[in-house]
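Peer 1: Quick one: the structure is below, questions incoming.
The values are calculated or read from the model by the stated rules, or taken from the named source; none is laboratory data. Just so it is clear, the structure is predicted and the values come from calculations on it, not from any experiment. Counting neighbours? That spans all protein chains shown, and the Cβs are built from the backbone with ideal geometry, glycine included. Keep in mind that these areas ignore ligands, DNA and RNA; they rest on the heavy atoms of the full protein, side chains included. Shrake-Rupley method; radii C 1.70, N 1.55, O 1.52, S 1.80 Å.
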Amino acid sequence: MRQIRCSALLFDMDGVLIDSTPAVARVWRNWAIEHGFDPVEVVGRAHGRPSLTTIREYLPSADHFAENREVERREIEDVEGVVFLPGARELLASLPEGRWTIATSCTRVLAEVRLRVAGLPIPGHLITSSDVANGKPHPEPFLKAAASLGFDAQDCIVLEDAPAGIRAGKASGARVIAFRTTVPEEELRLAGADWIVNSCMEIELVTVEPASPHPDPYPDPGLILHVHD
């Protein structure tokens, strides 16, 4: 068990808080088959990145925004099997307001649909692909997420399941807790994860540290977590 101090938690959504894997796989598998691509490869590359990025890579000459609207429409309609992951609801409920948010590669509309279906709260500072110019693995999503809460990313913990998201978190200056929900553990380590867990059940808020006259290296009050990695 590790004890970790930080100012806030920056969550990825799919694969960390929500299991949407069956729905995502169905949508991208059908899209790949329609366009003559290997569905296994496409599903693997699509996870953890903005859908527009995947579409641009596979269809460089297409109307990217039209294709993206169609993929998003299908993802919004297909919510069968979308549920919260073990420990997600309890961990979020334990965190003080303003000390956590979500930075996801989904669009805002899709993110809100999945959070509602899964029965999880929608944070007031939600950062989605609709809010950034550069998606993961670029650090912009986590830099904006931290700034929206009033903190530096280097004082936050990112929670991610995809290598692209882990690299984005590390590039932002944050430390990263990775989840074994999507890819082999070796890929998480190669991407730079600081700690690896199975689910939010292995992360516990111990206390919120009271203010002190010497807040360095973290702004007061800080979160103290136990992580069972």
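Peer 1: Whole number in Å², please: accessible area per residue of the chain, 1.4 Å probe, ligands, DNA and RNA not counted.
Peer 2: Computed with neighbouring chains in place, this is 44 Å² per residue.
Peer 1: On a 0 to 90° scale, report how tilted helix 64-77 is relative to the longest principal axis of the chain, with both axes built from alpha carbons and the result rounded to the nearest 10.
Peer 2: 70
Peer 1: Run the accessible area of the chain with a 1.4 Å probe and give the carbon-and-sulfur part as a rounded percent.
Peer 2: 52
Peer 1: Restricting to the chain, what percent of DSSP beta bridges are antiparallel, rounded to 5?
Peer 2: Percent antiparallel among DSSP bridges in the chain is about 45.
Peer 1: Would you mind calculating the gained length between D78 and I122 on full extension (0.36 nm times residue separation, minus the Cα-Cα distance), in nm to one decimal?
Peer 2: Result for the pair: 13.9 nm of gain on full extension.
Peer 1: Another question about this same structure. Based only on Cα atoms, what Rg/Rh ratio does the chain have, Rh being taken as Kirkwood's radius?
Peer 2: 0.98
Peer 1: Calculate for the chain the 222 nm mean residue ellipticity that helices alone would give, adding -39,500 (n - 2.57) per DSSP H run of length 4 or more and normalising by residue count, nearest 500 deg cm²/dmol.
Peer 2: Result for the chain, helices only: -11500 deg cm²/dmol.
Peer 1: A follow-up question, please. How much length is gained on full extension from E209 to A62, taking 0.36 nm per residue of separation minus their Cα-Cα distance?
Peer 2: Net length gain for the segment: 47.7 nm.
Peer 1: Report, in degrees rounded to the nearest 10, the 0 to 90 angle that the Cα long axis of helix 163-172 makes with the longest principal axis of the chain.
Peer 2: That works out to roughly 40 degrees.
Peer 1: Related question: Can you work out the FRET efficiency for the pair H35 and M201, with r the C-beta to C-beta distance and R0 = 25 Å, to the nearest 0.05?
Peer 2: Efficiency computed from Cβ-Cβ geometry: 0.05.
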